[in-house]
Amino acid sequence: MGGDGAMYDATRIQVLEGREAIRKRPGMYVGSTGERGLHQLVFEVVDRAVDEVLAGRAESVDVTLTPGGSIRVTDDGPGVPVAAAGDTETPSLEALLTRMPAATQSGGRHSVTMGLFGLGPSVTNALSRHLTAEVRRNGMHWVQHYARGEAIAPPTRKGPTTRTGTTIVFEPDADIFSTVECSFDVLAQRFSELAFLNRNLTLSLTDRRPTGQARPLRFHHPGGVRDLIASLDARAAAHADILGFEHEDPRMAGTMEVALGWSDTAAARVHSFANSSPTPEGGTHVAGFRDGATAAINAFARERQLLEAAQPDIGADRIIECLTVAVSVKLDRPEFEGATRGLLGGTAVHACVQEAVREHMGTWLAQHPKLAAAVIGRTT
């Protein structure tokens, strides 16, 4: 109780829900009101469109930075259900744009979570000055307009169409964000990364702003994380000495994709992902890789007598210094430590990745003995 004797009771509790809560505390939903939060608005919308591709309902996603400062995201899927058309599938267009899910997205192996907390387009809508949604579905073209997260009118029928898909165009609210100018490079880096992690995804980014580049960048990497390593390590790509494999293990209810290239520079470069999101703090998938690689290399070195009997095993840090690595796992039930999903947990993931890496790396070393001996020579 304060010195003025004021009472604190239920009448002093302010309850905010939906768009009102998001606009009152935007940082809680997109991380910041600076450039980082601005990009999260884009990712929340792209998230849904990419999931349409991963589910096999769409083929591509197109993102355009328009001359007027808005961002347009289009997919060629079946179109979001429209309740006004009698669609009973969920979520409907209005629910998608105005209601946050009861819980954050589960992020199963067949979906991506690019947004900070996986809350979806409703967050983008609430923090946008204007948003327009266009749906082409079942032969009909529908349009709905929003202002600062609130529908101006119900979806309206614009006429017949032979196309399908969903387009969302939004203008971030300058009253909330310190900048409303998206970084083309930041978006391009994340979209390219996403295409490396999902080889059936095609995603394009076009900058039509006055200072931008009208020619779209197209991201499609059928080689998966092997292509990622090749793009990061030109020497490995030139010598075709990239080890890569995919493996599904029911014990961790998911799949893993691992690629690595041998590097001449002593700089540990481990790029790790869980369900297509970066895990900058690492986690059990990274620990499993380190332990599996260490076991494989030391076993090979002992077998080929590349280490003297009295020499200790080669340490994991020394081994990792010679590699450029990508470790991507996709799990039905990922266990993250922390709300932002930067650190992956799950003991089964560690064991499964360790076992698979030891087996595949051991086989690769045996098939490339000269290169293996040269690599081990750099670690001792």
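Derivation of every value follows stated rules applied to the coordinates shown; laboratory data play no part. What you are looking at is a predicted structure, and each value in this text was computed from that prediction instead of being measured. Virtual Cβ from ideal backbone geometry, glycine too; neighbours counted across all protein chains shown.
Figures for the structure shown
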quantity	calculated
Residue tally, condition in contact (Cβ under 8 Å) with a residue 12 or more places away in the chain and among the charged types (D, E, K, R), over the range 360-380	1
Where Ala153 falls short, out of the listed (1) out of contact with any helix residue (DSSP H, G or I) (no Cβ under 8 Å at 6 or more places or on another chain); (2) hydrophobic (A, V, I, L, M, F, W, C); (3) within 25 Å of Met28 (Cα to Cα); (4) in a loop (DSSP other than H, G, I, E, B)	(3)
Gln213, sole failed condition from (1) over 17 Å from the mean Cα position of the chain (by Cα); (2) buried (at least 16 other Cβ atoms within 10 Å of the Cβ)	(2)
Unmet requirement for Gln189, which otherwise passes all of (1) in a helix (DSSP H, G or I); (2) surrounded by 18 or more Cβ atoms within 10 Å (Cβ to Cβ); (3) free of Cβ contacts under 8 Å to residues at least 24 places away in the same chain	(2)
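Quick grid of which residues meet (1) surrounded by fewer than 23 Cβ atoms within 10 Å (Cβ to Cβ); (2) over 18 Å from Val258 (Cα atoms); (3) more than 18 Å from the chain's Cα centre (by Cα):
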residue	(1), (2), (3)
Phe300	yes, yes, yes
Ala309	yes, yes, yes
Asp313	yes, yes, yes
Thr324	no, no, yes
Glu335	yes, yes, no
Val357	no, no, yes
Thr363	yes, no, yes
